[in-house]
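The values are calculated or read from the model by the stated rules, or taken from the named source; none is laboratory data. Keep in mind that this is a model prediction, so the values were computed, not measured. Here the Cβ is made from the backbone with ideal geometry for all residues, glycine too, and neighbour counts use every protein chain on show. To get the accessible areas, we keep the full protein, side chains included, count just its heavy atoms, and leave off ligands, DNA and RNA. Shrake-Rupley method; radii C 1.70, N 1.55, O 1.52, S 1.80 Å.
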Amino acid sequence: WFARFEKIKSIEFTHGENINISMINNGSFDCVFPIEYRDYIFIDNHRDKLTPKFLVSSGNVITMLEDKMQFVDFMNSSGFGEFIPKTFDGIQEGCLIKPRVGQNGSGLEFNPSDVDTEQFLIQEIIKGKTEYSTHVLFFDGRIQHQITYSDTYDIDIFNRGEHGKFVHKLLPKSSFVD
């Protein structure tokens, strides 16, 4: 599987660049791997007009993953609640708030005094200097490929969006996927 990925023609779009249907269809791509939420939504909305194959979940899965409260509800109802930070109904000592929709720490606030619980999620702060990110490709219900990165910071409470100094590593093997 992995050897086939190396042969696929790729292109990377930068932030703010307009991606259009003809750009994708005329690119002679074998497969497209979107990176950001806006790219997933674009592909999901135009799937029937695009010629390359896409490794993209359906719109309802994309939306569930983008809305942090929907993701928390999914994890809890699927028996995986112990693997995510505790979520609170109101402000607690040692908590943080984050927008229900957003990425890279945008809008994150530590120890807030007030919050609109419709727009924000209130969670416990997990201290630690290392953040892990595992990406998994499934096909026919089986893992075909996985890759894990670690980002190590010099402080134990960090916001990736504000604390830009970190060491980014590709891990040779993940202990999170077996």
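Points to keep in mind about this one:
- Residue count for segment 54-82 satisfying the condition of being assigned to a helix (DSSP H, G or I) and either at pLDDT 90 or above or surrounded by 13 or more Cβ atoms within 10 Å (Cβ to Cβ) (or both): 19.
- For segment 59-76, the count of residues that are more than 30 Å from K127 (Cβ to Cβ), touching a residue at least 12 places away in the same chain (Cβ under 8 Å) and within 15 Å of the chain's Cα centre (by Cα) is at least one.
- Taken together, Q123, Q144 contain a single residue that is assigned to a strand (DSSP E or B) and in contact with a Lys or Arg (Cβ under 7 Å, 6 or more places away or on another chain), which is Q123.
- Total residues in segment 92-115, condition part of a loop (DSSP other than H, G, I, E, B), modelled with pLDDT under 85 and touching a strand residue (DSSP E or B) at 6+ places or on another chain (Cβ under 9 Å): 9
- Residue in segment 89-119 that is farthest from E162 (Cα to Cα), counting only those that are open to solvent by less than 60 Å² (accessible area, probe 1.4 Å) and hydrophobic (A, V, I, L, M, F, W, C): V115
- Filtered residues of segment 120-151 (kept if of a type in the set (D, E, K, R) and either touching a residue at least 24 places away in the same chain (Cβ under 8 Å) or open to solvent by less than 60 Å² (accessible area, probe 1.4 Å) (or both)): E124, K127, K129, E131, D151
- So Q123, is it modelled with pLDDT of 75 or more and in contact with a Cys (Cβ under 8 Å, 6 or more places away or on another chain): yes
- The set of residues in segment 63-114 being closer than 18 Å to I157 by Cβ and touching a Lys or Arg at 6+ places or on another chain (Cβ under 6 Å) consists of N104, G105, L108.
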